[in-house]
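The values are calculated or read from the model by the stated rules, or taken from the named source; none is laboratory data. Bear in mind that the values here come from a model prediction, so they are computed numbers and not experimental data. Positions of Cβ are generated from backbone atoms using ideal geometry, with glycine treated the same way; all protein chains shown enter the neighbour counts.
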Amino acid sequence: MTPADLSSTVARAVRRAVEDGELPAGAGVPERVVVERTRPGGVGDYATPVAFQVAKTGGSAPGHVAEVLARRLAVEPGLDRVEITGAGFLNFTLAPRGGAGLVAEVLARGARYGYADDALEAGPFCWAPTAGFRQRAVHEAVVRILRSQGGEGPQDGAAAPGVAPVARRDGDVVAAYGRDAATWAALCVPARETPQFGPALLVQDESSEFFLVRYAHARAKALGRGAARLGFHAEPGEVDAPAPGPADAPAPALLRLLAEYPLVLEAAAHRRAPERLVRFLVALADELLDFQHCVLPKGDEKPSAAHRARLALAEAAGTVLAGGLALLGIDAPDCL
C-alpha cells in the first residue's frame with residue numbers, strides 16, 4: 001500500500017462504516033482523507049485526524065469513531081499496524097513495499113505521478129489588471145496543485161486573497177532574477193509572508209536551493225545519457241543501498257520520498273500551500289545528488305542489473321522533480 005492508497009482506503013472505511021450503521025447516518029464522509037507523515041515522537045509511519053472530522057458531523061466521540069475505523073482498517077492488506085493515540089488520532093504502519101513496483105509506477109505515469117484519478121488540467125488563467133507578480137505566481141501554483149488532485153480551484157487571479165506582495169525595495173524581480181528564479185522565491189515561503197529576493201538566487205552552486213533542485217533534475221538526465229553511451233538502460237528492480245553507507249540511505253531514502261510525493265501534493269492542495277511542494281523538492285534533490293555517484297559503473301566495472309535498477313530510481317526521482325517544478329510553473333532544464 002502506498003501513502004496515497006492509504007488516504008483512499010481510510011475514506012472508504014468511513015463510508016462503509018456509515019453504510020453498515022457502525023457510525024451515525026449523519027456522519028460526514030470525506031471525499032479525501034488527509035494523511036501525513038507522523039511527526040517526530042509519534043507512532044507509526046503516517047497519521048490522520050479524520051476521526052475528529054467525522055465525529056464533529058456525526059455527533060460521536062472521536063475516540064469511538066477511531067475505534068470503529070481501526071477495526072476495519074486492521075484487516076486491510078498493506079497495513080502492518082493501526083493504532084489510536086490521544087483522543088482519536090489514527091496511526092498507521094505500512095507493510096514493506098518493494099522498490100521496483102514504485103519506480104515502475106513513477107516511470108509509467110511520468111509527470112502525472114501523484115495526480116488523483118480525477119485530476120483536471122489547469123485551464124488558461126484570467127487576470128485582474130491589478131494582480132501583481134507574487135499574487136499571480138501563488139495563485140497559479142495553487143490552482144495547478146488543486147487540479148492535480150481533482151479540485152477545481154478559482155481561475156480568476158483576483159480570487160487569491162492573503163498573498164503578501166513583493167516588497168517595493170525589490171523592484172522588478174522578474175527583470176532582476178528571471179521568471180523562474182523569481183517564481184521560486186515567491187513560492188518558497190507561505191503566501192502571507194513577504195518573499196526574500198537577493199543575489200543568492202543567482203548563485204550557480206548547491207548553496208542555492210533553486211539551483212539545487214534544477215541541477216538534480218539535470219543530473220538525472222545526464223545519468224541517462226551516460227548509461228546510453230555505455231550501452232545499457234534503466235530497468236526497475238530492487239535497489240541495494242550503495243556502499244559504504246547505512247542501510248537506510250540514500251537509496252531507501254529516495255524510495256521513501258517517491259512514495260510520499262502523492263501525499264505531499266494532497267497536503268499542498270488541502271492547505272493551499274505551494275511551499276510544501278518546494279520543501280519536498282529540495283529534500284528529494286538532496287537525496288538524488290547523494291545517490292547519483294553509485295548509478296553508473298566505475299572503471300572496468302560492467303553494467304549490471306544493480307546499475308539498471310539504480311538508474312531507474314534516479315530517472316524516477318528526476319521525473320518527480322520535473323513534475324513538481326511544472327506544478328510550480330518553473331522550467332526543469334535537461335542541462336544546467
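Values as computed for the structure displayed
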| item | result |
| --- | --- |
| Exclusive hit being assigned by TED's automatic domain parsing to the domain that holds GLN149 and under 28 Å from SER148 (Cα atoms), set ARG192, ARG271, ARG214 | ARG192 |
| Helices (runs of 4 or more DSSP H) fully within segment 206-325 counting 1 or more residues that are surrounded by fewer than 18 Cβ atoms within 10 Å (Cβ to Cβ), aromatic (Phe, Trp, Tyr) and in contact with a strand residue (DSSP E or B) (Cβ under 6 Å, 6 or more places away or on another chain) | none |
| Among the candidates ALA160, ALA141, ALA137, ALA128, residue that is at pLDDT below 65, crowded, with 16+ Cβ neighbours inside 10 Å and aliphatic (A, V, I, L, M) | ALA160 |
| Matching strands (runs of 3 or more DSSP E) fully within segment 1-116 where at least 2 residues are of a type outside the set (S, T, N, Q) and over 17 Å from the mean Cα position of the chain (by Cα) | 79-85, 89-94 |
| Filter result for PRO77 (surrounded by fewer than 16 Cβ atoms within 10 Å (Cβ to Cβ), under 19 Å from PRO262 (Cβ atoms) and touching a residue at least 40 places away in the same chain (Cβ under 8 Å)) | yes |
| Looking only at segment 190-203, and only at residues there that are assigned to a loop (DSSP other than H, G, I, E, B), of a type outside the set (Gly, Ala, Ser) and without any contact (Cβ under 8 Å) to a residue 60 or more places away in the chain, the one that is surrounded by the most Cβ atoms within 10 Å (Cβ to Cβ) | PHE197 |
| Test: residue in segment 19-32 that is closer than 20 Å to ARG97 by Cβ, at pLDDT below 90 and crowded, with 20+ Cβ neighbours inside 10 Å | no |
| GLY99 vs. criteria outside the structural domain of GLY150 (by TED's automatic domain parsing), in contact with a helix residue (DSSP H, G or I) (Cβ under 6 Å, 6 or more places away or on another chain) and either surrounded by 13 or more Cβ atoms within 10 Å (Cβ to Cβ) or at pLDDT 90 or above (or both) | yes |
| Residue pairs meeting the criteria (Cβ under 9 Å; at least 6 apart or on separate chains; first among the hydrophobic types (A, V, I, L, M, F, W, C), in segment 17-43; second surrounded by fewer than 17 Cβ atoms within 10 Å (Cβ to Cβ) and part of a strand (DSSP E or B)) | VAL43/ARG81; VAL43/GLU83; VAL43/THR85; VAL43/THR93 |
